[in-house]
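Reading through the structure tokens given below for one structure.
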Amino acid sequence: MIKNSLEKIRLFTLLTGISLIVLYFVSMYIIIPLKKMIYAPTANVVKPPNSQIVIPAASTGYPYSGYNETELQEYFLKLINQDRRQNGLSEVASDDLAAQIGQAQAYEMAKFNYLSHWNQPGYGPDIRYSNSAGTEWVQENVYSYWQRMDNGTPIPVQDWKAEIDRAQKALMNSPGHRANILNPDHTHVGIGLAYIPETGEFRVTQEFINRYVILDKMSNRMAPGSKIQIKFRLTNGATDPVINLAYEPFPQSLSLDQLRATSTYSSPAQNVNYINIGNLSGGDFQANVPLGDNPGLYHIRIWVTYRLTSIRITH
């Protein structure tokens, strides 16, 4: 007999309910949020473990037929943009880095049978993306599905495109996930897919980003009390940048039971300072950001106005 299949979806909680505001974090985290996070370890503080995991090779590397990861990611992108066009929105482009961090999360969730916006080292989507040198804020949807016999044997998937159709339909039927997919500010998306044939566990991630700031390269590891200089330029019609510095302690690792009990994600970083911005020639901007004395993760959040003549920032 067929055991009832299980389908779950979860949404990354947006930092702002105003879709026309784009937030960026810096530290090598840029968020739309543009977020860049800066490590400030001390001699008696252990650096958090690396969140990267080894992922099986895509497409032909999987020991089962009918699952071509690249083709399915392209098909998923087609469905996302179809839904956006039907709602009068511009298409989003594929982003390779966002897809890589989404793929790592999807694989870890499928392998260890959980569904969460955190991974085992305790990193949310913003930190995972920044750890891989990403500079935009990530707004993440996650989805899971399995189907097995009563004896636990997974039922082979006969039509993978139908499974992708099912996943996108489920996300679009969930108000929060639909709002994320149809956010007019999104410019790019990375799609992660993972299937474990031995267990039948299937996981999907959608990593949406908004690219309105181009940030110059900078170090993401600094000593406590340091000052870091950032330079950036705006793009895609963004104006009026505003910068906040935020801080959070190093994340703690999570057990599988803890991960399975998690819900929506929002950054725990709290704003601690407002940063003055200077104009440079050619439309570039510059800011000197003083870090605090506490070891941990420092977020440089760059807010911009997009399709509004002005915005009001509260601290």
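The values are calculated or read from the model by the stated rules, or taken from the named source; none is laboratory data. Source: prediction; values computed, not measured. Quick reminder, even Gly has a Cβ in these numbers, built from the backbone with ideal geometry, and neighbours come from all protein chains shown. Surface accessibility is based on the protein's heavy atoms, side chains included, excluding ligands, DNA and RNA. Shrake-Rupley method; radii C 1.70, N 1.55, O 1.52, S 1.80 Å.
When you look at residue 185, is it at pLDDT below 90, open to solvent by less than 40 Å² (accessible area, probe 1.4 Å) and either out of contact with any helix residue (DSSP H, G or I) (no Cβ under 9 Å at 6 or more places or on another chain) or of a type in the set (A, V, I, L, M, F, W, C) (or both), yes or no?
When the stated conditions are applied, residue 185 passes them.
Within the range 280-292, is even one residue in a loop (DSSP other than H, G, I, E, B), surrounded by fewer than 22 Cβ atoms within 10 Å (Cβ to Cβ), small (Gly, Ala, Ser) and in contact with a Pro (Cβ under 8 Å, 6 or more places away or on another chain)?
Yes, the range 280-292 contains at least one residue that is in a loop (DSSP other than H, G, I, E, B), surrounded by fewer than 22 Cβ atoms within 10 Å (Cβ to Cβ), small (Gly, Ala, Ser) and in contact with a Pro (Cβ under 8 Å, 6 or more places away or on another chain).
Which pairs do you get when a residue that is more than 21 Å from residue 145 (Cα to Cα) and open to solvent by 10 Å² or more (accessible area, probe 1.4 Å), found in the range 99-128, comes within reach of a residue that is of a type in the set (Val, Ile, Thr) and part of a helix (DSSP H, G or I), reach meaning Cβ atoms under 7 angstrom, with the pair 6+ apart or on two chains?
Close Cβ pairs (under 7 Å, with a partner that is of a type in the set (Val, Ile, Thr) and part of a helix (DSSP H, G or I)) amount to 128/101.
Which ones in the range 261-279 are open to solvent by 40 Å² or more (accessible area, probe 1.4 Å), touching a Phe, Trp or Tyr at 6+ places or on another chain (Cβ under 8 Å) and not in a loop (DSSP other than H, G, I, E, B)?
270, 272, 279
In the range 261-287, what residues are under 28 Å from residue 176 (Cβ atoms) and touching a residue at least 24 places away in the same chain (Cβ under 8 Å)?
Scanning the range 261-287 gives 262, 263, 264, 265, 266, 267, 269, 270, 271.
Taking the range 215-240 as the region of interest, how many residues are within 16 Å of residue 278 (Cα to Cα), open to solvent by 60 Å² or more (accessible area, probe 1.4 Å) and in contact with a Ser or Thr (Cβ under 8 Å, 6 or more places away or on another chain)?
1
Among the residues of the range 77-98, how many are among the β-branched types (Val, Ile, Thr) and open to solvent by 10 Å² or more (accessible area, probe 1.4 Å)?
0
Considering (1) open to solvent by 60 Å² or more (accessible area, probe 1.4 Å); (2) in contact (Cβ under 8 Å) with a residue 40 or more places away in the chain; (3) not hydroxyl-bearing (Ser, Thr, Tyr), say which one residue 258 fails and leave the rest.
(2)
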